[in-house]
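The values are calculated or read from the model by the stated rules, or taken from the named source; none is laboratory data. Just so it is clear, the structure is predicted and the values come from calculations on it, not from any experiment. With ideal geometry, Cβ positions are generated from the backbone for all residues, glycine too; neighbour counts draw on all protein chains shown. Side chains are part of the model used for accessible areas, which takes the heavy atoms of the whole protein and leaves out ligands, DNA and RNA. Shrake-Rupley method; radii C 1.70, N 1.55, O 1.52, S 1.80 Å.
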Amino acid sequence: MNEHITILANEAALDEDGWALIAPFGEHPKTRFVKKNGAMQREQFIQVLDHQSADQLLSRENSLFRRIRRAVVGIPVYKGHPDLGDYSPETAGGGAKKEIIGTIDKVRKTERGLEAHFVLTPAGADAVEREGCKYPSALWYVQPVGRRGEAVLARPFKLLSAGLTAHPNISGVESLANARHAGPTQETTITKEPDMKLIAAWLLGHGVTLAHADSPAESDLLAALQKLHASAAGEAAALGNENSTLTGENADLKSQISNLQSSAAALANETQDLKTQISHLKTQRAAAVVDLAIARGKLAVSERPARLQALENPADFDREAAAILDAPARFKTTGSAESGKILANHGATGDAREEYCASVERHMKETGETDPVKAHHAVMHNNPGLAEKLRVR
């Protein structure tokens, strides 16, 4: 139970019309014993009831659904408080037989305080007339609102049940010798028609078709309520299915996003690999042109590093390559195509670079190839040993 909610019982007298004062206005000391840490302890309360708190309690008790509930079963009335342990087990109350001997069907506010109308069964009437249980005791939820010394100030806010007792503990109320039990005449005095019309108006306002809407019977209202309940249950089931569908679609979308992210990562890796390959091809292309120019005596070997760097990322490769290859020869070449020895300005005989230049020039002469890049790839393809020497070098 919420730590801010407490259970208190009140006793008052029942009059001949079945009305009893269950909570007088003002402040009334209360004491209850509770079991804490294995020992019984006393707690002191001051029950406070003013007009504002009484109005709030009546508003709650007379709400539509509380009135529907009372129209069907009422607020139960017991002999004593056998249900105390259900609501407040720490008091060690209850344990007695829970036999309903009446109900409360209406609650009102008077100049004295809060009163409830009791409808007793024959057993309830016997308890009043023969067993001396003349005083109804209300069982409340009360809510603490402050303290005064050791006592807790508390206001009642919800009526749970009532019990018939032999000894009141509220001063200033009169005793009752006899009380009328609920017979056929008394049952007809319970005002249900306004409640029925109010419930009917509520149902019509929520779009429920109602038979005999001007003067509905309980069976009409029950059928309409069942129809409304079935409709609400159907809507709840439909919403549950829609939620399940959306959950599945959301899972599919998450899976698709994950797959797209994986694909994007794979494409990024492929792009990087292609960039690396392109960079390598550019380097090879530049080397083919520069080495061919050296083989034709148009560049010195010492110029090779600078020319390679300039040709790797030019604005117009074809134009730059043509400028180098179409330039006049500045050096004389020596050797023959058979020996593979060329260009006195290249370096020592047998150098891998000299062999490469001779091979490219020989290929272009023998095949008529004019594109140095194609000539380069052909030489590398036809001479894997030379390609290996160049990589090692």
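Greater than 19 Å separation of Cα atoms is the criterion. Which listed pairs, 30/158; 365/389; 35/79; 158/227; 298/365; 79/109, meet it? Could the numbers behind the result be given before it?
Numbers: 30/158 17 Å; 365/389 23 Å; 35/79 24 Å; 158/227 30 Å; 298/365 17 Å; 79/109 25 Å.
Exceeds cut-off: 365/389; 35/79; 158/227; 79/109.
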Notebook entry, point to check: Could you give the nm distance between label points at residue 252 and residue 110, where each point is 7 Å from its Cα heading toward the beta carbon?
Noted result: 6.9
Next item on the list: Can you send over the carbon and sulfur percentage of the accessible area for the range 101-156, probe radius 1.4 Å, protein chains only?
Entry: 45
Margin query: Heavy atoms of the protein only, probe of 1.4 Å, neighbouring chains included. What is the accessible area of residue 249 in Å², nearest 10?
Written below: 100
Notebook entry, point to check: What nm distance separates the two modelled labels at residue 320 and residue 390, each placed 7 Å from Cα along Cα→Cβ?
Noted result: 1.8
Checklist line | Label-point gap, in nm, between residue 237 and residue 303 - each point 7 angstrom along Cα→Cβ | finding: 9.1
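Whole number in Å², please: accessible area per residue of the range 203-260, 1.4 Å probe, ligands, DNA and RNA not counted. Write out the running numbers ahead of the final one.
Values: 4220 Å² over 58 residues.
Accessible area per residue: 73 Å².
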